[in-house]
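Presented below is the structure to which this report refers.
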Amino acid sequence: PVPLLKDATKFNLEINLSSYGKGTLKLSLDDLKNKLEKVEVTTTLQCSGNRRSGFNDVQRTSGTAWGQGAISTAKWGGVRLSDVLKLAGLDDPVKADQEGYEHLRFHALDGMSASIPLPKATDPYGDCIVAWEMNGEPLPRDHGYPLRIIVPGYAAVRNVKWVEKIELATSDAEGPWQRGLNYKILPPSVTDAKEVKLDVMPSLTESSLFSGITHIQKEEIKRGKHKKVISTKTKPGDIVKVKVGGWAWAGGGRNIVRVDLTSDNGKTWKAAEIVEGGDQRFGRAWAWVFWECELPAKVGEDGKISLASKAVDMAFNVQPEQCDHSWNVRGLGNNSWFRTSVKVD
């Protein structure tokens, strides 16, 4: 349930560095807004179960059978997480990390706890913030009012909503969201978590590489020897020129360098044009890009055309063709080619 905070003026964010000998600091919303520099960051957040339905085509998983809809992007406003930690007394995070304080835990008003590595939290180029604003407006309750942690490039679950306490620690956060099965990817052969040692398996942090097709528009039809057919109806065997659009995103700030489209199951490919988001800073591309592509597609016997997209990031990671080799019982991290079959009449 969404926590109900009736009076935000009485709310305080606790930063607990006591295990490191630095004590505890409490900051009100006014303290955060008046004592530290405000910054903004635009970042994409994606549920780790996005496209879980594709895994279900291989074998049933647990969780909501998402298509490609569990993802979105917003501009967040707040203060740097590193500035908050420095104000609380963490002057040398590198030294703290070397002394074993490798984790920063976040505790929420609803009882949820998660954590991220301290180097990510304090990286001046990592753009982690404590946010009170979304798209220029106060955080909506559903999105974390009054405060939310934003961890660009990481799985959405690490962007903890309704955060009330930040804690420096020598181990990651306790609870199912960090140490349990919820956000751990088991091998494809394992259907029972009792068969593996969950405590030695890492939980999801930095996200992988993804793309999706969101719209398809028919441009023209070619039939037989005719170069162009003026018709609103297609028949099996027709070659249809279509204009396709969609999105792509990579975790870790990795820029999208290319999106490829195929209409013949990978026999031939055409590179899309990135029309928005391609100008993000090198290595700090926290938000998705939008792309467009025109290509021919053959109408099948079922009256449909079949399309697939795959993205390539700055490390030249490429989306895999299939997801059967990465199937996992929780249905997390499906980043295989995005496929769709549609009628274009």
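The values are calculated or read from the model by the stated rules, or taken from the named source; none is laboratory data. Please read all numbers here as calculations on a predicted model, not as lab measurements. Glycine gets a Cβ as well: all are built from the backbone with ideal geometry, and neighbour counts include every protein chain shown. With ligands, DNA and RNA removed, areas are computed over all heavy atoms of the protein, side chains included. Shrake-Rupley method; radii C 1.70, N 1.55, O 1.52, S 1.80 Å.
Which one of Ala108, Ala74, Ala8, Ala70 is touching a Phe, Trp or Tyr at 6+ places or on another chain (Cβ under 6 Å) and aliphatic (A, V, I, L, M)? Full working, then the answer.
Working: Ala74 fails: touching a Phe, Trp or Tyr at 6+ places or on another chain (Cβ under 6 Å); Ala8 fails: touching a Phe, Trp or Tyr at 6+ places or on another chain (Cβ under 6 Å); Ala70 fails: touching a Phe, Trp or Tyr at 6+ places or on another chain (Cβ under 6 Å).
Only one candidate qualifies: Ala108.
When you check Phe290 against the structure, is it open to solvent by 60 Å² or more (accessible area, probe 1.4 Å), farther than 23 Å from Asn334 by Cα and among the aromatic types (Phe, Trp, Tyr), yes or no? Explain how you work it out, then say what you get.
Values: open to solvent by 60 Å² or more (accessible area, probe 1.4 Å): yes; farther than 23 Å from Asn334 by Cα: no; among the aromatic types (Phe, Trp, Tyr): yes.
No.
Among residues of the stretch 205-220 that are in a strand (DSSP E or B), those with a beta-carbon under 8 Å from a residue that is hydrophobic (A, V, I, L, M, F, W, C) and open to solvent by 50 Å² or more (accessible area, probe 1.4 Å) at least six positions away or on a different chain give the pairs Leu209/Val318.
Number of residues in the stretch 232-257 that are part of a strand (DSSP E or B), of a type outside the set (A, V, I, L, M, F, W, C) and more than 18 Å from the chain's Cα centre (by Cα) equals 3.
Against the definition (open to solvent by less than 10 Å² (accessible area, probe 1.4 Å) and either of a type outside the set (D, E, K, R) or touching a helix residue (DSSP H, G or I) at 6+ places or on another chain (Cβ under 9 Å) (or both)), how does Leu147 come out, yes or no? Yes; evaluated as a whole, the condition is true for this residue. Regarding the stretch 123-137, can at least one residue be identified that is surrounded by fewer than 20 Cβ atoms within 10 Å (Cβ to Cβ), of a type in the set (Gly, Ala, Ser) and closer than 22 Å to Ala285 by Cα? There is at least one residue in the stretch 123-137 that is surrounded by fewer than 20 Cβ atoms within 10 Å (Cβ to Cβ), of a type in the set (Gly, Ala, Ser) and closer than 22 Å to Ala285 by Cα. Checking each residue in the stretch 94-119 for being open to solvent by less than 30 Å² (accessible area, probe 1.4 Å) and either of a type in the set (A, V, I, L, M) or under 18 Å from the mean Cα position of the chain (by Cα) (or both) picks out Ala96, Leu104, Ala108, Met112, Ala114, Ser115, Ile116, Leu118.
The lone criterion from (1) modelled with pLDDT under 95; (2) not in a helix (DSSP H, G or I) left unmet by Thr9 is number (2). The set of residues from the stretch 179-195 being aliphatic (A, V, I, L, M), open to solvent by less than 40 Å² (accessible area, probe 1.4 Å) and in contact with a Lys or Arg (Cβ under 9 Å, 6 or more places away or on another chain) comprises Leu186, Ala193. The number of residues in the stretch 67-90 that are open to solvent by 10 Å² or more (accessible area, probe 1.4 Å), under 30 Å from Phe210 (Cβ atoms) and not in a strand (DSSP E or B) comes to 5.
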